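Structure record follows, encoded as C-alpha coordinates.
The values are calculated or read from the model by the stated rules, or taken from the named source; none is laboratory data. Since the structure is predicted, the reported quantities are computational estimates derived from the model, not experimental observations. Cβ placement follows ideal geometry from the backbone for every residue including glycine, while neighbour counts extend to all protein chains displayed.
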Amino acid sequence: MTTHTAPVWLMVTHEIRRAHDGTVISGHCSSACALGAFEELTLGQMMGENPPGPLERVEAHLVDLATGQVTATTGGLVPLDGIAPPEILSWP
(Lines give C-alpha, C1' and ligand atoms only; values in the text may rest on other atoms or scores of the structure.)
Protein backbone atom coordinates (compact mmCIF):
# COMPACT_ATOMS: atom_id res chain seq x y z
CA MET A 1 0.00 0.00 0.00
CA THR A 2 1.32 3.42 -0.86
CA THR A 3 0.57 6.52 1.05
CA HIS A 4 0.12 9.90 -0.49
CA THR A 5 1.28 13.02 1.23
CA ALA A 6 0.39 16.48 0.11
CA PRO A 7 3.31 18.52 -1.20
CA VAL A 8 4.84 20.92 1.24
CA TRP A 9 5.14 24.45 -0.09
CA LEU A 10 7.53 26.86 1.50
CA MET A 11 6.67 30.50 1.39
CA VAL A 12 9.29 32.78 -0.11
CA THR A 13 10.12 35.45 2.47
CA HIS A 14 13.27 36.97 0.97
CA GLU A 15 14.51 37.66 -2.55
CA ILE A 16 17.88 38.62 -3.95
CA ARG A 17 17.34 41.13 -6.77
CA ARG A 18 19.51 42.92 -9.31
CA ALA A 19 19.35 46.69 -8.85
CA HIS A 20 19.96 47.63 -12.49
CA ASP A 21 16.96 45.76 -13.93
CA GLY A 22 14.94 44.56 -10.92
CA THR A 23 15.11 40.88 -11.87
CA VAL A 24 15.12 38.25 -9.14
CA ILE A 25 18.32 36.24 -8.76
CA SER A 26 16.85 33.86 -6.16
CA GLY A 27 14.04 33.43 -3.63
CA HIS A 28 14.44 32.05 -0.10
CA CYS A 29 12.21 30.80 2.70
CA SER A 30 14.22 32.22 5.61
CA SER A 31 16.51 35.12 6.35
CA ALA A 32 19.36 32.76 7.29
CA CYS A 33 19.14 30.91 3.97
CA ALA A 34 18.88 34.18 2.05
CA LEU A 35 21.87 35.68 3.82
CA GLY A 36 23.94 32.56 3.14
CA ALA A 37 23.14 32.74 -0.57
CA PHE A 38 23.71 36.50 -0.59
CA GLU A 39 27.22 36.04 0.80
CA GLU A 40 28.02 33.60 -2.03
CA LEU A 41 26.88 35.84 -4.93
CA THR A 42 29.26 36.12 -7.85
CA LEU A 43 29.78 39.08 -10.15
CA GLY A 44 28.27 37.06 -12.99
CA GLN A 45 25.08 36.48 -11.00
CA MET A 46 24.84 40.18 -10.20
CA MET A 47 25.39 41.12 -13.87
CA GLY A 48 22.68 38.77 -15.17
CA GLU A 49 21.73 38.38 -18.83
CA ASN A 50 21.37 42.12 -19.50
CA PRO A 51 24.26 43.80 -17.70
CA PRO A 52 24.93 47.51 -17.93
CA GLY A 53 27.93 48.72 -19.93
CA PRO A 54 31.61 48.18 -19.13
CA LEU A 55 32.91 49.70 -15.89
CA GLU A 56 29.39 50.43 -14.67
CA ARG A 57 28.41 49.37 -11.17
CA VAL A 58 26.07 46.44 -10.62
CA GLU A 59 24.38 45.83 -7.29
CA ALA A 60 22.31 43.11 -5.71
CA HIS A 61 19.81 43.74 -2.92
CA LEU A 62 18.52 41.33 -0.29
CA VAL A 63 14.84 42.21 0.11
CA ASP A 64 12.57 41.21 3.00
CA LEU A 65 9.25 40.62 1.25
CA ALA A 66 7.19 41.16 4.41
CA THR A 67 8.38 44.75 4.74
CA GLY A 68 9.73 45.50 1.26
CA GLN A 69 12.91 46.75 2.91
CA VAL A 70 16.38 46.18 1.50
CA THR A 71 18.32 44.49 4.30
CA ALA A 72 21.69 44.13 2.55
CA THR A 73 23.45 45.38 -0.57
CA THR A 74 26.55 44.23 -2.42
CA GLY A 75 28.03 45.12 -5.77
CA GLY A 76 30.91 45.32 -8.18
CA LEU A 77 32.01 46.73 -11.52
CA VAL A 78 31.27 45.22 -14.91
CA PRO A 79 34.66 44.29 -16.45
CA LEU A 80 35.95 46.37 -19.36
CA ASP A 81 35.23 43.53 -21.81
CA GLY A 82 31.70 43.10 -20.37
CA ILE A 83 32.32 39.41 -19.58
CA ALA A 84 31.99 38.16 -16.01
CA PRO A 85 35.08 36.41 -14.63
CA PRO A 86 34.82 32.62 -14.36
CA GLU A 87 33.48 31.22 -11.11
CA ILE A 88 35.97 29.37 -8.95
CA LEU A 89 34.10 26.41 -7.51
CA SER A 90 36.93 24.87 -5.50
CA TRP A 91 40.50 25.54 -4.58
CA PRO A 92 43.19 22.98 -5.44
Q) Are any of the residues in the stretch 46-66 surrounded by 15 or more Cβ atoms within 10 Å (Cβ to Cβ), touching a His at 6+ places or on another chain (Cβ under 9 Å) and among the small types (Gly, Ala, Ser)? A) yes
Q. Which of the residues belonging to the stretch 14-31 are closer than 14 Å to THR42 by Cα and in contact with a Ser or Thr (Cβ under 8 Å, 6 or more places away or on another chain)?
A. ILE16, ARG17
Q: Answer yes or no: is there a residue in the stretch 56-67 that is over 18 Å from ALA32 (Cβ atoms) and among the small types (Gly, Ala, Ser).
A: no
**Q.** Where a residue in the stretch 57-72 is over 16 Å from MET46 (Cα atoms) and its partner, wherever it lies, is assigned to a loop (DSSP other than H, G, I, E, B), with Cβ under 6 Å and at least six apart
**A.** LEU65/THR13
Q: Give the residue that is nearest to ASP21 (Cα to Cα), with candidates limited to residues of the stretch 34-48 that are of a type outside the set (A, V, I, L, M) and free of Cβ contacts under 8 Å to residues at least 24 places away in the same chain.
A: GLN45
Q | Residue, modelled with the highest pLDDT, within the stretch 28-76, restricted to residues that are hydroxyl-bearing (Ser, Thr, Tyr), more than 20 Å from GLU87 (Cβ to Cβ) and in a loop (DSSP other than H, G, I, E, B) | A | THR67
Q.
Just checking, does the stretch 78-88 include any residue being under 13 Å from the mean Cα position of the chain (by Cα) and surrounded by 12 or more Cβ atoms within 10 Å (Cβ to Cβ)?
A. no
